[in-house]
Amino acid sequence: MPRQNNNRNEIPVKQFDLLIRNGTVVTASDTVQCDIAIAGGRIVQLGHDLGSAREEIDASGKLVLPGGVDAHCHLDQPMPDGLKMADDFESGTISAACGGTTTVIPFAAQEKGQSLRAAVADYHRRAEGRAVVDYAFHLIVSDPTETVLRDELPSLIRKGYTSFKVYMTYDDLKLNDREILDVLTVARQEGALVMIHAENSDCIAWLTDRLEAEQKTAPRFHAIARPMAIEREATHRAITFSELVDVPILIVHVSGREAVEQIRWSRARGMKIFAETCPQYLFLTASDLDQPGYHGAKCVCSPPPRDRANQEVIWDGVADGLFTIFSSDHAPFRYDDPQGKQPGGQEVPFRYIPNGIPGLETRLPLLFSEGVGGGRISLNQFVALTSTNPAKLYGLHPRKGTIAIGADADLAIWDPQREVVIRNADLHHAVDYTPYEGTRVKGWPVTTLVRGKVVAHEGRMQATAGHGEFLPCALPEMAKPRYRTSGGSL
Ligand code: DUC
Ligand code: ZN
Ligand code: ZN
């Protein structure tokens, strides 16, 4: 916690708001011993003997990292069929802050038949005055009408909503191939980035019907209804669309080898295909859906976790740069809840279990412990994957995602020696379980600052709801088409 500087006899050379002293400062490229001076919510100096400040934090023995940017999480997203997400912007961002994350990018989701502008306005009302960390919005485009494509989407992109997700599956969200091509074309014209959920919907429906006909409806069959092949096919199709339109895309939540192979293939052809993975594909397997009774529902997410061999393939991609970003895909549904994993109070067949698992607060400690501590990635790679790259990809850099003069003072001070056994009782989300219960990690973010203010310290909130501000996103430089041609094969 900041310490008040009470030495009134000292004539300040420079009076900053806050000095963070004696820490090891880590960015995506460098690791240096230096102090950080903060004024007006921004980093104003880096160096030694910087002068004095109204408050100080002694970071001796600690790492000072840019706060995490969680570029894929779901908070208070309107849900169909009486379901409800457990986390709103307050509980979700408190959880994020306690896990070292200082910016979140959840989704303003268009319902079919709804105007995109109305979806954005509604989502602002949900966020307003509640967040403790800063936030931007992705859009979810589920109904690309002429008005959406010609008017709403271009005008929203120009107002700072520069990325949007499209789904190849889920009846209430999915687009057909032609619709996806239309959305990609708008992205190319405007310089926006499309995130694609790549799973083949018809194959899932067909497999689900067959499993149900054989009374195979327990949670574990969710993974069998969504095998790697259907993710591979959809990933390849998405890459093909990217080629036709000549626009970069991001494949979200990549789960294993066959999708990775498609992405490597596209990169080898010189394409700009970005890829994201999530903790569930490194730390869970399909066997976690096969727990006694109905408890496997806690790990139902899509794509499903695979097996140990696939985890290793994902680790390789994390280490060798295949993955640009590492996000939580936090989708918070309570287990023991009629609006959550037991819809209407029932243990339902897997097709009705809401997809998603919580992970905002555990994303960084899990990757830090096993990735950095386990010698799989460097500290600088950790920062790149979890903060700098998502900030760059979504047009928030250099304000977010780095430690540099002029950047927002969004910082996470880590104790690299702190050993923690993850217990849901200690987490701050509103979900009644964590899939990582009992997992031991080494390294934990002990203090989190957003624009120079300590928002979380030792698992306790220090800021009030409303400290978090909305961030309009610039057009992402990284997502510019590789070649500005007349447009793919057109
Ligand atoms: N899959 C998604 O596509 N979104 C939310 C959670 C999930 O499991
Ligand atoms: Zn998805
Ligand atoms: Zn998601």
One finds, for residue 31 and residue 419 with R0 = 25 angstrom and r their Cβ-Cβ distance, a FRET efficiency to the nearest 0.05 of 0.65
Per the 1.4 Å probe, what fraction of the accessible area of the stretch 288-373, in percent, lies on carbon and sulfur atoms?
43 percent
With a cut-off of 16 Å, note down the residues of the stretch 77-93 whose backbone N falls inside the zone around a label point 7 Å from the Cα of residue 118 toward its beta carbon.
78-80
Along Cα→Cβ, 7 Å out, is where each label goes; now give me the distance between the ones at residue 243 and residue 290 in nm to one decimal.
3.7 nm
FRET efficiency estimate (nearest 0.05) - Cβ-Cβ, residue 380 to residue 464, R0 35 angstrom
0.55
Can you compute log10 of I(q)/I(0) for the chain with the Debye formula, treating each Cα as one identical point scatterer, at q = 0.09, 0.10, 0.11 Å⁻¹?
-0.58, -0.72, -0.87
Using all C-alpha to C-alpha distances in the stretch 194-341, build P(r) with 10 Å bins and read off the rounded percent in each one.
12, 39, 34, 13, 2
Using the Karplus equation 6.51 cos²θ - 1.76 cosθ + 1.60 (θ = phi - 60°), what ³J(HN,Hα) coupling, rounded to whole Hz, does each residue of the stretch 454-469 give in order, writing x for Gly and Pro?
5, 9, 9, 8, 6, x, 10, 6, 10, 10, 9, 4, x, 5, x, 10
Computed over the Cα atoms of the stretch 336-431, what is the ratio Rg over Rh, Rh following Kirkwood?
1.09
Protein accessible area in the stretch 176-241, 1.4 Å probe - carbon and sulfur %:
50 percent
Order of 429-437, 96-104 by packing, highest average Cβ count within 10 Å first?
96-104, 429-437
Long-range HN-HN contacts of residue 162 with modeled amide H, under 5 Å:
473
Amide H of residue 140 versus every other amide H placed in the peptide plane: which residues, excluding those fewer than 5 positions away on the same chain, fall under 5 Å?
108, 109, 110, 165
How would you classify the stretch 128-180 from its alpha-carbon gyration tensor, with a ≥ b ≥ c the square roots of the eigenvalues: rounded for a/c under 1.5, else prolate if a/b is greater than b/c, otherwise oblate?
oblate
With every protein chain in place, what's the accessible area of residue 298 (1.4 Å probe, Å², nearest 10)?
40 Å²
Would the stretch 44-109 count as rounded, prolate or oblate if I go by the C-alpha gyration tensor, calling it rounded below 1.5 in a/c and otherwise prolate when a/b exceeds b/c, oblate otherwise?
prolate
Taking a probe of 1.4 Å, how large is the accessible area per residue of the chain, in Å²?
38 Å²
J(HN,Hα) series, the stretch 139-147, from Karplus relation 6.51 cos²θ - 1.76 cosθ + 1.60, nearest Hz, glycine and proline x:
9, 10, 9, 10, 9, x, 6, 4, 5
Quick one: which of 274-282, 458-466 comes out on top by average Cβ neighbours within 10 Å, and what's the full order, highest first?
274-282, 458-466
For residue 172 and residue 478, FRET efficiency with R0 = 41 Å and r from the beta-carbon atoms, rounded to 0.05?
0.85
Can you give the accessible area of residue 478 in Å² (nearest 10), computed on protein heavy atoms with a 1.4 Å probe?
50 Å²
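The values are calculated or read from the model by the stated rules, or taken from the named source; none is laboratory data. None of the values given here were measured: they were computed from a predicted structure. All Cβ positions, even for glycine, are placed from backbone atoms using ideal geometry, and neighbour counts span all protein chains on display. Calculation scope for accessible area: heavy atoms of the full protein, side chains included, ligands and nucleic acids excluded. Shrake-Rupley method; radii C 1.70, N 1.55, O 1.52, S 1.80 Å.
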